[in-house]
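All remarks here apply to the structure that follows.
Bear in mind these aren't lab numbers, they're just calculated from the coordinates by the rules spelled out. Keep in mind that this is a model prediction, so the values were computed, not measured. Glycine gets a Cβ as well: all are built from the backbone with ideal geometry, and neighbour counts include every protein chain shown.
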Amino acid sequence: MIKFILHGGSKENDLPDDNLIREIFCKNKYIYKVLIVPFARNNEDWDNVYEKYKRKYNKVSIKIVFDIASKDKKILKMQFRDSDIIMFSGGGEFLLKRYINKTFLLKNLKNKIVFGSSAGCNIFSKYYYSNDRKSVEKGLGILNIKTICHFNSENVIDLDILNKKKNTPIMLAIGENQFISIYHI
């Protein structure tokens, strides 16, 4: 089973709230191994994304060992295997799709907690609404859902555009700093 925590995105300096912390770190463990997957950003930004996530989650009173994902598939497979929690950052879905595909994820996410923020959330859905490109795009389809992240009163009209994809039963509009958990068997 895979636990997906789909996060609507956040501002740069927003800290995770207590409910999100409890949801991510829900197992009774002494040390958590967390893999940060920054592939939704340009390569030159990966270290900054990694440091940002470390700063955000090091404020938690839990012992966490962080690692940054490698673009080498063999190393990445071992990193997935050795991690308790895998965090997919926000950024661009197209960039993320360069390094990650559905088959790889389904083979390597079993029994993991997977956190995806913004683009890292959208990538798992069948369809998502791109706030940047103002269009409906295809995700990897691991979850049979439609998503729109950074949802607020200003982009309510975008729900109609996303809703035209009728073959997907569930549509999730996830606001800033909001999250939804879904279990995948």
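Just report the Cα centroid separation between the range 7-51 and the range 88-139, whole Å. Here the answer is 15 Å between Cα centres.
The aspartates and glutamates whose alpha-carbon is closer than 12 Å to the alpha-carbon of residue 165, local same-chain residues fewer than 8 away aside, are 137.
For Cα pairs less than 8 Å apart in space and 6+ apart in sequence, what is the mean separation divided by the residue count of the range 2-184, i.e. the relative contact order in percent?
30 percent
Straight-line reach from residue 112: taking Cα to Cα under 16 Å and skipping same-chain neighbours fewer than 8 places apart, the aspartates and glutamates in range are 23, 67, 82, 84. Each Cα pair of the range 2-184 feeds into the Kirkwood radius, which the Stokes-Einstein equation turns, at 20 °C and 1.002 mPa s, into a diffusion coefficient of 131 µm²/s. Across the options 131, 173, 35, the greatest Cα extent toward the positive end of the charge dipole of the chain (unit charges at beta carbon of Lys, Arg, Asp, Glu) belongs to 35.
Working note: 222 nm ellipticity from helices only, DSSP H runs with n ≥ 4, each -39,500 (n - 2.57), summed and divided by the residues of the chain, gives -8000 deg cm²/dmol to the nearest 500. Stretching residue 17 away from residue 47 to a fully extended chain increases their span by 8.4 nm, per 0.36 nm per residue minus the current alpha-carbon distance.
Each peptide in 111-123, 76-88, 159-171 gets a packing score, the mean of other Cβ atoms within 10 Å over its residues, and the list from highest to lowest is 111-123, 76-88, 159-171. Between residue 176 and residue 65, the FRET efficiency estimated from the beta carbon spacing at R0 = 22 angstrom works out to 0.20. Computed extension length for residue 163-residue 106: 17.9 nm, one decimal, from 0.36 nm per residue of separation with the Cα-Cα distance subtracted.
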